[in-house]
Amino acid sequence: MTGTGGDALLRWADVDVGALAHNTALIRSRLRPATQVMAMVKAYGYGHGTILAAEGALRGGATWLGVFHGREALGLREHGFDVPVLVVGPSLRELLAPLITAGVDISILDVDDVPAVAEAAAAAGRSARVQLKIDTGLGRLGVRPGRVDDLARVLRDHAARLEVTGMFTHFADADAADPSFTDEQHRRFLAAVDVVRDAAPQAMLHCAGSAAILRMPETHHNLVRLGIAMYGYVPANVDAPPLRVAMSLFSRVVQVKTVRADDTLGYGRTWRATGSRRIATVGIGYGQGVRIELSNRGAVVVRGLRAPIVGRVSMDQITVDVSDADGVEVGDEAMLFGEWGGERLGADEVAEVAGTIPHEIVCGVSSVVERRRVGAGSATVST
């Protein structure tokens, strides 16, 4: 079987920009017409490549982009993305001026952030676009509800330098079987909005990520933050719409050999042959994102068939039992997760075997693995 890797590549990830657009449009079709979509392209676009993820999202109808770090936002601007961008994480003092100049939305995560951002805006000679994050129960970043009165007061004191474009919160377990805590968080958020609204009359509201988007339409408001569903997966306890897998991870067979009964493989000799077996060594390992928990448990797709990973996952290699896949030879492609030739081995399935979540599987693909555009023109390596 021939994929898109090309002879020169040992490891690569195919990123289907068309699938990203499809998934975004599908989610967008389930929202009210007035509700916008912010595509979360943080963490290198959930491992898919920031630029490719942003392109696919905007093609599918997203009108905002969300990142965690200010440098991600500035990188989007440098690549010509002029749509609204929100930095949901902390903005370091040294990045405030360039973010303000670039028109990037900065998150206010604490009451003390307000004067610092206002001072940077004054130095830049323009207003800063800011959004207010309320910590309603996740316990990470944001202003606690008990301090929203102080937040409103400080915002009024610095109103000349700040344009409050949004208020948001982040749900702790919108994918839980019991939605009661998410409902409580939503009530806390709306109560905080009531307190701050006079100081931010034009601010849009957003609190729904992928799980709440698909389960709780009452949380949609003006904007939703589309994360893992854009990349083809849904959180637990969520009915899956017909999403498409957007990334497939590949490597190549670099050697094929026959082992005999009682031969062992890999560090720790954790696998022992019960008879004559054909073993392929594939040139990818935990150094490129293959979870070590897949040792003796996971599988790859080679020549259209699933072949089990045998022995311990190494830094740059895995060994695979290809006895049931006829004709496997050096140079053949092996898929670690994704969709290929009609066979789906999703990051969700891999995550279940590894005892984690699909977010970690896709985000865990190392940046040394080249991302290649497929499904939207000829293959090109992403930046």
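Where a number appears in this text, it was derived from the coordinates with a stated rule and is not lab data. Just so it is clear, the model here is predicted, and its values are computed rather than measured. Reconstructed Cβ throughout: ideal geometry from the backbone, glycine too, with neighbour counts over all protein chains shown.
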- Query: Which three extents, in whole angstrom, do the alpha-carbon atoms of segment 17-231 cover along their principal axes, largest first?
  - Reply: 45, 42, 28
- Query: Amide H neighbours of GLU343 under 5 Å, counting only residues 5+ apart in sequence or on other chains, H built in-plane at 1.01 Å?
  - Reply: none
- Item | Calculated from backbone phi, Karplus (6.51, -1.76, 1.60) coupling profile of segment 14-25 in Hz, x at Gly/Pro | 7, 10, 8, 5, x, 5, 4, 5, 4, 5, 5, 5
- Output the peptides 48-54, 92-98 sorted from most to least packed, where packing is the average of other Cβ atoms within 10 Å over each peptide's residues. 48-54, 92-98
- Task: Could you pull out every residue, at least 5 positions away or on a different chain, whose amide H is within less than 5 Å of the one on PHE81? Hs are placed 1.01 Å off N in the peptide plane, and Pro or chain starts have none.
- Result: none
- From DSSP H assignment alone, runs of 4+ in the chain each adding -39500 (n - 2.57), the sum over residues rounded to the nearest 500 puts [θ] at 222 nm at -8000 deg cm²/dmol
- Note on the structure: Cβ density ranking, 10 Å radius, fewest first, applied to ARG291, ARG260 yields ARG260, ARG291
- Note on the structure: Taking Cα pairs closer than 8 Å and at least 6 residues apart, the relative contact order of segment 90-230 in percent is 20
- the chain, relative contact order [Cα under 8 Å, separation at least 6], %: 18
- Identified option (computed Rg/Rh (Cα atoms, Kirkwood Rh); candidates [x] 0.99; [y] 0.97; [z] 1.05): [z]
